[in-house]
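Worksheet: one structure, shown below.
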Amino acid sequence: MSDPAIALLEFDSISAGIVSGDAMVKSSPLGSIYAGTVHPGKYLVLVSGDTASVEVALSTGTDIGGGHITDSVFLPDIHPDVTSAIVGRAQKATLGEEALGIVETSSVASVIDGADAGVKAAHVVLGAVGLADGLGGKGYVFFSGTVSDVEAAVEAAVSRVESHGTLIRSDVIAQLHHEMIENLGAQLRFLKRVESR
């Protein structure tokens, strides 16, 4: 997914998500579409492509999905680090080398929006973007860098996330303990982490 624009619709109905996703991909020539279920019983449709095509697809999905859309995001010029994080190819950061910023949200759309805002606002490394599955539908993003840059990234991300009304919490930790760095770098899911020992 290397297209310049993305849009994501988050549905509370699997059926509405499938119908909307089908209409979206039929409405304009897209670079890609990713759709599927996430916990807890939500359906996500993520499309990418040129800005005009993504806008048409988003408008189509919004019209059809209507009251079943719980959140959405449109990023006409998404930062490439966010795209890489979404598809699981996030840059390997030295988490907390100087500081770690965390933003936690109640939706996938808002955490993608916040990640984009944060990485554009300051010189930070996007350490991870967690999306819904195994998180009860929540999202999180990690920023790593100097304390001042991480603070700026978190502030920008929080501002963007607050426009969705989905902020759960944000924190900046200076000099994260090395054992926490090891745990975060290895596996954030607790049971997976325990099982790997």
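Go through segment 4-18 and give me each residue that's farther than 17 Å from A115 by Cβ and either in contact with a strand residue (DSSP E or B) (Cβ under 6 Å, 6 or more places away or on another chain) or surrounded by 17 or more Cβ atoms within 10 Å (Cβ to Cβ) (or both). Lay out the reasoning, then the answer.
The first filter runs over segment 4-18 and keeps only residues farther than 17 Å from A115 by Cβ, leaving 9, 11-18.
Hits for segment 4-18 are L9, F11, D12, S13, I14, A16, G17.
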Self-check item: Condition check for R169: within 21 Å of the chain's Cα centre (by Cα), modelled with pLDDT of 85 or more and either among the hydroxyl-bearing types (S, T, Y) or closer than 15 Å to V129 by Cβ (or both)
Solution: no
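Looking for whichever is part of a strand (DSSP E or B) and at pLDDT below 95 here; the options are V129, V103. Which one fits?
On the way: V103 fails: at pLDDT below 95.
One residue alone meets the criteria, V129.
Does E55 satisfy the criteria of being more than 17 Å from P80 (Cβ to Cβ), assigned to a strand (DSSP E or B) and among the charged types (D, E, K, R)?
Values: more than 17 Å from P80 (Cβ to Cβ): yes; assigned to a strand (DSSP E or B): no; among the charged types (D, E, K, R): yes.
For E55, the condition - more than 17 Å from P80 (Cβ to Cβ), assigned to a strand (DSSP E or B) and among the charged types (D, E, K, R) - is not met.
Right, G136: in contact with a Pro (Cβ under 8 Å, 6 or more places away or on another chain) and either surrounded by fewer than 18 Cβ atoms within 10 Å (Cβ to Cβ) or not in a loop (DSSP other than H, G, I, E, B) (or both) or not?
Working: in contact with a Pro (Cβ under 8 Å, 6 or more places away or on another chain): yes; either surrounded by fewer than 18 Cβ atoms within 10 Å (Cβ to Cβ) or not in a loop (DSSP other than H, G, I, E, B) (or both): yes.
Considered against the rule, which asks whether it is in contact with a Pro (Cβ under 8 Å, 6 or more places away or on another chain) and either surrounded by fewer than 18 Cβ atoms within 10 Å (Cβ to Cβ) or not in a loop (DSSP other than H, G, I, E, B) (or both), G136 comes out as yes.
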Exercise. Filter segment 139-164 down to residues that are of a type in the set (S, T, N, Q), out of contact with any strand residue (DSSP E or B) (no Cβ under 9 Å at 6 or more places or on another chain) and surrounded by 19 or more Cβ atoms within 10 Å (Cβ to Cβ), then give me how many there are.
Key: 0
Practice problem: Sort out which residues of segment 99-116 are surrounded by fewer than 24 Cβ atoms within 10 Å (Cβ to Cβ) and farther than 19 Å from E10 by Cα, and write them in order of number. | Solution: A99, I102
Self-check item: Criterion violated by S15 - all others in (1) modelled with pLDDT of 95 or more; (2) part of a loop (DSSP other than H, G, I, E, B) satisfied
Solution: (2)
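Name the single residue that is modelled with the lowest pLDDT among those in segment 58-93 being aliphatic (A, V, I, L, M) and within 15 Å of A117 (Cα to Cα).
Of segment 58-93, the ones aliphatic (A, V, I, L, M) are 58, 64, 69, 73, 75, 78, 82, 85-87, 90, 93.
So of that shortlist, the ones also within 15 Å of A117 (Cα to Cα) come out as 73, 75, 78, 82, 85-86.
Values: V73: 98, L75: 97, I78: 95, V82: 93, A85: 85, I86: 82.
Filtering first and then ranking leaves I86.
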Practice problem: Just need a number here: residues in segment 28-82 that are under 15 Å from E10 (Cα atoms), surrounded by fewer than 21 Cβ atoms within 10 Å (Cβ to Cβ) and of a type in the set (D, E). | Solution: 1
Quiz prompt | Matching residues, segment 137-155, being out of contact with any Lys or Arg (no Cβ under 7 Å at 6 or more places or on another chain) and among the small types (G, A, S) | solution = G139, S144, G145, S148, A152, A153
Quiz item: All but one of (1) touching a strand residue (DSSP E or B) at 6+ places or on another chain (Cβ under 9 Å); (2) not in a loop (DSSP other than H, G, I, E, B); (3) not hydroxyl-bearing (S, T, Y) hold for P29; which doesn't?
Solution: (2)
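The values are calculated or read from the model by the stated rules, or taken from the named source; none is laboratory data. None of these values were measured; they are calculated from a predicted model. Positions of Cβ are generated from backbone atoms using ideal geometry, with glycine treated the same way; all protein chains shown enter the neighbour counts.
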